[in-house]
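To start, the structure under review is shown below, and the notes come after it.
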Amino acid sequence: MATSKKTAPPKKTVSAGKAKTKNPAKAKSPKKRKAAKGGKAPPRTRAAARASLPSKKEIFEFLETTSAKAGKREIARAFGIKGAERIALKSLLREMTEEGLLAGSRRKLTRPGLLPSVTVLEVHTRDEDGEFVARPATWDDEAGPMPKILMVESRGNLAPTPGIGDRVLARITAQDGDADYPYHARTIKKLPRTTSRSLLGIFRALSDGRGVIDPIDKKQLKEWTVPQGSTDDAEDGELVRFEIARSARYGVPTARIVARLGNPEAQQSISLIALHAHGIPDVFPPDVIAEAEAAKGVELGARVDLRNTPLITIDPVDARDHDDAVFAEPDTDPDNEGGWAVIVAIADVAHYVTPGRALDREARKRGNSVYFPDRVVPMLPERISNELCSLKEGVPRPCLAVRMVFDKHGHKKSQRFFRGLMRSAASLSYEQAQAAIDGRTDEATAPLLDTVLRPLWGAYASLNKARKARGPLELDLPERKILLDG
């Protein structure tokens, strides 16, 4: 009796970036060799071509493991797909794209929302629990919405803790049960922040009219040559801001001076060097400046009118902005004898910063204002931070306020929040206000002593009673302060 052998099904093995197809049925027999030499092999049916393709799972595994750009051509090469099978592969990939299983173009296919196991992330915010949240440093919009990634503590605490604005190389793990964060990431290492082409350095003049620059950043292990005509007449030893004109792998790197900053040991130069060392942006983009300049003052409208309430600001003597004000008076409620009504008002910055617009994007990027001994780098342009949102004495300003009522023991009975329009009655320093309470009034504090300052100290005394009853931990630590003598 004749017996027939069954051909084993094709076996496909896939490895990162490369795949091989082992198909015993494709081994050349003498008849096939003859057909290849003397004539055409019989055409394969569409069903047969489709059956010889890799499965969807195998395509997924290939896309997840390859580190290179992968499209139809790379998939076909990896699985040894040729001839009519390529048409069937194209049909399969289009079907997977229509089903939402793949995203991207025919030259670069990915699984939607898929991230490699190790990738570069940008830490850009914190969540409501104070945890850092990151996003991919690069993302193709065709792959769907950008995923939110929760940064978790690295095992063993060996990796540095990232902060907002840091770029990190991180190990990614998918979280199927976490709807808020589909990925968790552990820092492998922090990466250098991306910086502009503008750098700081010390200019050294040469006798032939050229010069060299020693960069302030010691990670720059080379000098930069400044050709004639690009020195901006800088003098020997000056601190300069420069841009890279040419930085080839071979040859002499050249630079162009864009600003002369003077003596590197001067007071202002110390802050400039610190700004540069920490990558703190000190220039606002044009669209941010334009939006700030277009901002206008606020009308009363539906706001509560506090312009006749003598709110005052009390700040350090060298304060550059005034963003909160206070007022207190005895509560007139007969059932709250000895109690106090206190109003605290802060500048209504949100009125000028619309979510998603240029000011909001820049504020998110900066995160906070940065203070130096001789200057402040604000989170928002000076038109907003030092003008429209500074509670200047005698000038109407929009505010967010809360009115709180306390009993004589300092326990809060009620509170009410509202938007208002206020006008500061005075801008005092801590020393100035305390001196008035101690009996040493001046021209600014004398008219406010009985109506404003003493009620504030009375309300404080009641609140301090409640505070002491709670038994809080009180740390009286010295506060460091840098004074520059010029």
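The values are calculated or read from the model by the stated rules, or taken from the named source; none is laboratory data. Model, not experiment: these values are computed from the prediction. Ideal geometry is used to build each Cβ from the backbone, glycine not excepted, and the neighbour counts take in all protein chains shown.
Here are the numbers:
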{"quantity": "Test for PHE406: is it within 19 Å of ASN336 (Cβ to Cβ), among the hydrophobic types (A, V, I, L, M, F, W, C) and at pLDDT 95 or above", "calculated": "yes"}
{"quantity": "Qualifying residue in the stretch 336-353 (condition: free of Cβ contacts under 8 Å to residues at least 12 places away in the same chain and either touching a helix residue (DSSP H, G or I) at 6+ places or on another chain (Cβ under 8 Å) or not assigned by TED's automatic domain parsing to the domain that holds GLU299 (or both))", "calculated": "no"}
{"quantity": "Residue match in the stretch 293-301 (condition: assigned to a helix (DSSP H, G or I) and among the aliphatic types (A, V, I, L, M))", "calculated": "yes"}
{"quantity": "Residue in the stretch 364-374 that is surrounded by 15 or more Cβ atoms within 10 Å (Cβ to Cβ) and among the aromatic types (Phe, Trp, Tyr) present", "calculated": "yes"}
{"quantity": "Scan of the stretch 435-481 for residues that are assigned to a loop (DSSP other than H, G, I, E, B) and either modelled with pLDDT of 95 or more or within 23 Å of THR313 (Cβ to Cβ) (or both), ordered by number", "calculated": "ASP438, GLY439, ARG440, THR441, ASP442, GLU443, ALA444, THR445, GLU479, LYS481"}
{"quantity": "Residues satisfying the stated conditions in the stretch 450-486, i.e. more than 20 Å from ILE343 (Cβ to Cβ) and of a type in the set (Ser, Thr, Tyr)", "calculated": "none"}
{"quantity": "Search result, residues across the stretch 328-359 that are within 17 Å of HIS124 (Cα to Cα) and crowded, with 17+ Cβ neighbours inside 10 Å", "calculated": "ALA358, LEU359"}
{"quantity": "Qualifying residue in the stretch 385-399 (condition: assigned to a helix (DSSP H, G or I), under 21 Å from PRO281 (Cα atoms) and not small (Gly, Ala, Ser))", "calculated": "yes"}
{"quantity": "Sole exception among (1) modelled with pLDDT of 85 or more; (2) in a loop (DSSP other than H, G, I, E, B) for ILE164, by number", "calculated": "(1)"}
{"quantity": "One residue from SER414, SER427 being within 30 Å of ALA302 (Cα to Cα), of a type in the set (S, T, N, Q), without any contact (Cβ under 8 Å) to a residue 12 or more places away in the chain and in a strand (DSSP E or B)", "calculated": "SER414"}
{"quantity": "Where a residue in the stretch 382-399 is within 20 Å of SER429 (Cα to Cα) and its partner, wherever it lies, is of a type in the set (Lys, Arg) and part of a loop (DSSP other than H, G, I, E, B), with Cβ under 8 Å and at least six apart", "calculated": "ASN386/ARG320"}
{"quantity": "Selection status of GLN432, modelled with pLDDT of 95 or more and surrounded by fewer than 20 Cβ atoms within 10 Å (Cβ to Cβ)", "calculated": "no"}
{"quantity": "Search result, residues across the stretch 317-372 that are in contact with a Lys or Arg (Cβ under 6 Å, 6 or more places away or on another chain) and in a strand (DSSP E or B)", "calculated": "ILE343"}
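Residue-by-condition table, conditions (1) aromatic (Phe, Trp, Tyr); (2) assigned by TED's automatic domain parsing to the domain that holds THR173; (3) at pLDDT below 75:
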residue	(1), (2), (3)
LEU89	no, no, no
GLY100	no, no, yes
ARG106	no, no, yes
ASP129	no, yes, no
ASP141	no, yes, yes
PRO147	no, yes, no
ALA159	no, yes, yes
